[in-house]
Amino acid sequence: MAEQPISGRGAQSSAIPERFGLATREADGDWRDHVRSLDGPPVKLRTHVTEEHPKTILSFNTSPDIPFDRSINAYRGCEHGCVYCFARPTHAYHDLSPGLDFETQLFAKPNAAELLRETLAKPKYRPRQIAMGTNTDPYQPIERRYRITRSVLEVCLEARHPVTITTKSDRVLADLDLLEEMAKRRLVAVSVSVTTLDPKLSGKLEPRCAAPAKRLAALGKLVEAGVPTHCSVSPIIPAITDEFMEQIVERAGALGVQSAGWIPLRLPHEVSPLFREWLDVHFPERAGKVMSIVRSIRSGRDNDPDFFTRMKPQGVWADLFRKRFRVACKRAGLGKARFELDCSQFRPPEVGGQMLLL
């Protein structure tokens, strides 16, 4: 565990996943002191991006718990550094830490748009909405340089293919021209996650995300542009962020957002020890209370991995959050997300400068 909070990062260590039998390493205290005496304090962690060129870009699933069957992730790993991110364990499959490696050792897929174009042009392809931002944020800081998300949206607009976007960044506004055009054709809906209204807390939970005020402002500008919008108050962390639930819903309603939803904290695999470590560093006085409530809504476990129940917390605390959220939405005039995107306009995109002959 870190001796003091690591500035600008969510995870506090580079824990090696035990479930794959990888060797663990821990620096001896005397050795750390010796190194510091020679080299000074540790060098600030930097973000490193590796470009990869996969053969496919669409991922398909048959999960009964999520409302989409296909998604695109332009990046692996996420510099936003949200300590609670349920996608962290995916880095373990590459012998990388779900902790600090997940937010510092990133992978970009520059050929994503090209791969999507080829997939959509296949004669047997049948359109259904593509979800973006389901694993890592499509508008994390490196999107400013790579513009992969924008290139994917350009292909979707050309093919008239519906897309949903989930993000914690106001960088989504950089593509407002595309989103506005897609919205006119009922091809896009955007969900912006707002976890807290406290910028200091946000800086600890999700250190490289846009500030809460910027995310709310982005919601307002999306509404003004006619883009169907949703506010995701997620995740709800008991005794840490739940106090902001009603205020976030109220602010979203005042901006004209159509709907809001919430997702309880999930702690799969390595996320649980990373989150517990984060609590010990930032909120040691309430760590026990937080985890007690988390376990009470997850049938006595840190996490419920089971289909049908993993997204539906149980118990008194879960019922309380559910009722509070329902009342807040009623007062703000917000409903559940019901974005009817249009698949009927789909047309296979050009490949190699030629239209596909059908």
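The values are calculated or read from the model by the stated rules, or taken from the named source; none is laboratory data. Bear in mind the structure is a predicted one, so any value in this text is a computation, not a measurement. As a convention, Cβ positions derive from the backbone with ideal geometry for all residues, glycine included, and neighbour counts pool all protein chains shown. Accessible surface is based on the protein model in full, side chains and every heavy atom, while ligands, DNA and RNA are left aside. Shrake-Rupley method; radii C 1.70, N 1.55, O 1.52, S 1.80 Å.
For the stretch 67-182, the Cα-based Rg and Dmax, in that order, read 14.4, 43 Å.
The accessible-area ordering, largest first, of the residues Met311, Met291 stands as Met311, Met291, per a 1.4 angstrom probe.
In this entry, the stretch 272-327 is assigned a mean projected area of 4.5 nm², taken as a quarter of its C-alpha convex hull surface.
Spin-label model, Asp280 to Val327: label points 7 Å out along the Cα-to-beta-carbon direction sit 3.7 nm apart. Summary of the geometry: the stretch 155-187 and the stretch 228-259, compared by the centres of their Cα atoms, lie 22 Å apart. Counting only residues at least eight positions apart within a chain, or on another chain, the lysines with an alpha carbon under 27 Å from that of Lys312 are Lys168, Lys204, Lys289, Lys323, Lys330, Lys336. The distance linking the stretch 274-307 with the stretch 55-101 is 22 Å (Cα centroid to Cα centroid, whole angstrom).
Restricting attention to the chain, close to 20% of DSSP beta bridges with both partner residues there are antiparallel. Computed over the stretch 249-358, the Cα gyration tensor eigenvalues convert (square root of 5λ each) into semi-axes of 38, 23, 15 Å, ordered from largest to smallest. Accessible area per residue for the chain, computed on protein heavy atoms with a 1.4 Å probe, is 49 Å².
Remark: relative contact order (the chain) = 19 percent; criterion is Cα-Cα distance under 8 angstrom and separation of 6 or more residues.
Relative contact order of the stretch 264-320, taken over Cα pairs closer than 8 Å and 6 or more residues apart, is 37 percent. Couplings 3J(HN,Hα) for the stretch 276-293, derived from phi with the Karplus relation 6.51 cos²θ - 1.76 cosθ + 1.60 (θ = phi - 60°), are 4, 4, 4, 4, 4, 7, 9, 9, x, 6, 10, 4, x, 5, 4, 5, 5, 5 Hz, where x marks Gly and Pro. When the solvent-accessible area of the stretch 292-347 is split by element, carbon and sulfur atoms take up 54 percent of it, the probe being 1.4 Å. Counting only protein heavy atoms and using a 1.4 Å probe, the accessible area of Ile293 comes to about 10 Å². Measuring spread by the Cα atoms of the stretch 124-187 yields a radius of gyration and Dmax of 11.6, 36 Å.
Beyond 21 Å, how much of the Cα-Cα pair distribution for the stretch 177-266 remains, as a whole percent? It works out to 30 percent of all Cα pairs. Only protein atoms count toward the accessible area here, which uses a 1.4 Å probe; on the stretch 59-144, the carbon and sulfur part of that area reaches 51 percent.
Within the stretch 148-244, what whole-number % of the accessible surface is contributed by carbon and sulfur, with the 1.4 Å probe and all protein chains included in the calculation? With neighbouring chains kept in place, the figure for the stretch 148-244 is 48 percent. This model, with +1 at the C-beta of Lys and Arg and -1 at the C-beta of Asp and Glu, gives the stretch 148-194 a dipole about its Cα centre of some 180 debye. Shape descriptor for the stretch 121-245: Rg over Rh equals 1.00 (Cα atoms; Rh from the Kirkwood inverse mean 1/r).
In the chain, if the dipole is taken from +1 on Lys/Arg beta carbons and -1 on Asp/Glu beta carbons about the Cα centre, which of Leu173, Phe307, Ala337 is farthest to the positive end? My answer, from the dipole projection, is Ala337.
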